[in-house]
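Worksheet: the structure to be examined is printed underneath.
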Amino acid sequence: MPHIQASQFNEAAAYIVLDDHRRSNFTPYVLATGDYGKTWKSLATAEIDGYCMVIREDPVDKSLLFLGTEFGLFVSFDGGGKWAKWTQGVPTCPVYDLAIHPRENDLIIATHGRALYVIDDISPLREFSEEVAKKKLHLFPVPEARQFQQGRMSPLQSPGDTIFAGENKPQGARITYYLTPTEKKPEEKPETGGPAPTPQAGTAGQAMFGGSGMRGQERTNVQITILDSQGKFVSQLFGPEKKGINRAYWNFLETEPPSREGQPREEQAESRAMMFGRRAMSLQALPGMYTVKVKYEDQEATGALEVKPDPRLKIDLEVLKANYEKGKAAQALSRAVMQAGRQLQQTQRAIQTVKEYARTGKNPKADDITKAADEIEKKLKELTEALDPTPLKQGMADRSQGLNRQVTSAVSGITGAAIEPVSQAAQTKYDKVRPRAEEFLNRVNEFYEKDVENFKRTLQESGFTLFSPVIPIKIE
C-alpha cells in the first residue's frame, strides 16, 4: 500500500492505492471509502495506465483528484469516475509523490528518474466543467499578481559556465482562459495530437494549459487588453490560440495603444527606435486594480486583476507614483525626438526623389528645382547632424554628443529608477538635455513650417509631378 489519502472534506472518507507489480501484477489499484473503511469502491478505469503509486485530493474541490502511476500523471474531475492522462509538460515516467502548495496552488510532482515538476496554479481546474468546455472563450479568475524586483549581479561575480539553474515560472500577471478555436480548413489546420478532451475523458495534456504566452509573442487572434481602474488603455498582448486551457503573462509594462491598422504602436515605436540605435523605453505599471479583457473573434471575456508591489521589499507608493509621472514625461520627450528623426528621414528620401527627377531634364525648370533641393538639403543636414553627428574619422564612432544619444541616456536614467527615488545625477542630466531637445524640436517645426512649405511652392510653380502623362489604354 504505497499511499493513503484521508479526505479533507469528510472524516469518514479516504483513498488508497495498492501496488503488486513486484509479483508481475501491473493492474492499477485505486480505491475509495466513505464509511471509515467498512466498504471500498474501485476508482480504477480503463484510462489509467500502469500500476498506481500515489493519489492526492485537491484541498478546495473534493471532486478534483490527481493520481501518479508508473506511466505518468492522471487527473479526474468527478471524484474518480473518469480519468485523463496529463501530458502537457509532464513526461511519461513513474510519478511517486504529489503535493499541492496551499498558498500558490501549484501541483508539485516527484518522479522516479526525471526529477521534480511543478504545474503553476491549478486553480482553473477547479472551475473547469462541461459547461466551460462548450464555450468558445472563457476567462478564469485572474489571481492577484505581485511585481518582482530583480537584483543586479556585478560583472565581477559572474559564475561563468559552471552554474546550473532550473527554469523559474514566468514573472507577471497570469491570465488563464479556455478556448475553442474556430475550425480551420483542412489545408490550414496545423498538426496536433488530436482534439482537446472534455473534463471527463481524453488526454489532459492538451486541454490543461495547452499553451502559454509572454509579452512580445507572435500575433494571434487572441487579443488581451489591460485597462486601469479608470478604463484607460495600459497594455496589449496576444495569447496562445490552442484548443483547451491557455495561459498568457503580462509583464506589468505599459505599451502604446494599437494603431488604426491594428499593429501595436509599441512595435512601430521600437522599429523607429532601432533606426536611431535605441529601443523604446517602457514604464512599469503602478500597483492597483486593473481590468483584463480577452477577445477572440466575436467573443469577449472580462476579469479583474489586482497588482501588488514586491512583498519582500519596503516600497513607498508615493515614490513609485512620483517616478511614474516623471517617467511618463520623459517618455513623451523621447517619442517626440524619435518622431522628429523619422520625419527628417522621410523628408531626406523625398528630396532625393526630387533631385533624381530633376537630373532627367524633363522639366524646363530642372536647374531651379535642383538649386532649391540643395538649399533645403543643407538645412536638413544641420538638423540630422544635431540628432546623430557623422563621425569625423574612421574607426569607432563617437555619437555621445548627438541629441539622440543624450536623450536616450537621460530618459533611461528616469525610467530606470524602479522603487528608489530618481537620483539627483539622473534628474540633473535629464533637466540639462530637455531644454536642448525642446529647442531642437522648435527648429524642426520651423523647418517644416517655412523651408519645406517654400520648397513645395517651388515645386508646384515648376509643374513638378512624380507621374508621367497618362496615355489612355485602348484595345486596338
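Only the coordinates and a few stated rules stand behind these numbers; no lab work does. All values reported here derive from a predicted model rather than from experimental measurement. When we count neighbours, we look across all protein chains shown, and the Cβ atoms used for this are built from the backbone with ideal geometry, even at glycine.
If you take the beta carbon distance between ASP310 and HIS112 as r and set R0 to 56 Å, what does 1/(1 + (r/R0)^6) give as a FRET efficiency, to the nearest 0.05?
Efficiency at R0 = 56 Å is approximately 0.95.
Cβ under 12 Å from VAL118's Cβ, VAL118 left aside: what net charge do those residues give with Lys, Arg +1 and Asp, Glu -1?
Neighbour charge sum, excluding VAL118 itself: -4.
What FRET efficiency comes out for the pair MET1/ARG103, r = Cβ-Cβ distance, R0 = 35 Å, nearest 0.05?
0.70
So for segment 3-122, averaging the separation of alpha carbon pairs under 8 Å that are six or more residues apart and normalising by length, what relative contact order in percent results?
16
Answer with one residue from SER24, PHE77, THR92: the one whose Cα lies farthest towards the positive end of the charge dipole of segment 3-122, charges on Cβ with Lys, Arg +1 and Asp, Glu -1.
With unit charges placed on the Cβ atoms, the residue in question is SER24.
Within the set LYS242/LYS328; LYS85/LYS243; LYS371/LYS450; LYS365/LYS450, which residue pairs have Cα atoms separated by over 25 Å?
As for pairs spanning more than 25 Å Cα to Cα, those are LYS242/LYS328.
For a test of the definition: using alpha carbon positions, the gyration tensor, and the 1.5 limit on a/c, classify segment 3-122 as rounded, prolate or oblate.
Note, shape of segment 3-122 comes out oblate.
What nm value, rounded to one decimal, do you get for the distance between ALA12 and ARG434 when each label is placed 7 Å out toward the C-beta?
7.3
PRE reach from LYS293 (point 7 Å along Cα→Cβ): which of segment 220-250 fall under 16 Å by backbone N?
222-239
Only counting other Cβ atoms within 10 Å, I'd like CYS93, CYS52 sorted with the fewest neighbours first.
With the fewest neighbours first, CYS93, CYS52 line up as CYS93, CYS52.
Starting from the Cα of GLU356, step 7 Å along the direction of its Cβ; do the same at GLU325; then give the gap between the two resulting points in nm.
5.1
In nm, what is the difference between 0.36 nm times the number of residues separating GLN339 and LYS135 and their Cα-Cα distance?
Net length gain for the segment: 69.0 nm.
Nearest 20 debye, what's the magnitude of the dipole of segment 3-122 about its Cα centre given +1 on Lys and Arg Cβ and -1 on Asp and Glu Cβ?
Magnitude of the dipole: close to 360 debye.
Using Cα-Cα distances under 8 Å and only pairs 6 or more residues apart, what relative contact order does segment 103-151 have, in percent?
Relative CO of segment 103-151 lands at 25 percent.
Run the numbers for ARG219 and ASP49: contour at 0.36 nm per residue of separation, minus the present Cα-Cα distance, in nm.
57.4 nm
Return ASP298, ASP228, ASP58, ASP35 ranked ascending by Cβ neighbour count within 10 Å, so the fewest neighbours appear first.
ASP298, ASP35, ASP228, ASP58
Label points 7 Å out from Cα along the Cβ direction at ARG22 and VAL60: separation in nm?
Reported label-point gap for ARG22 and VAL60 is 3.9 nm.
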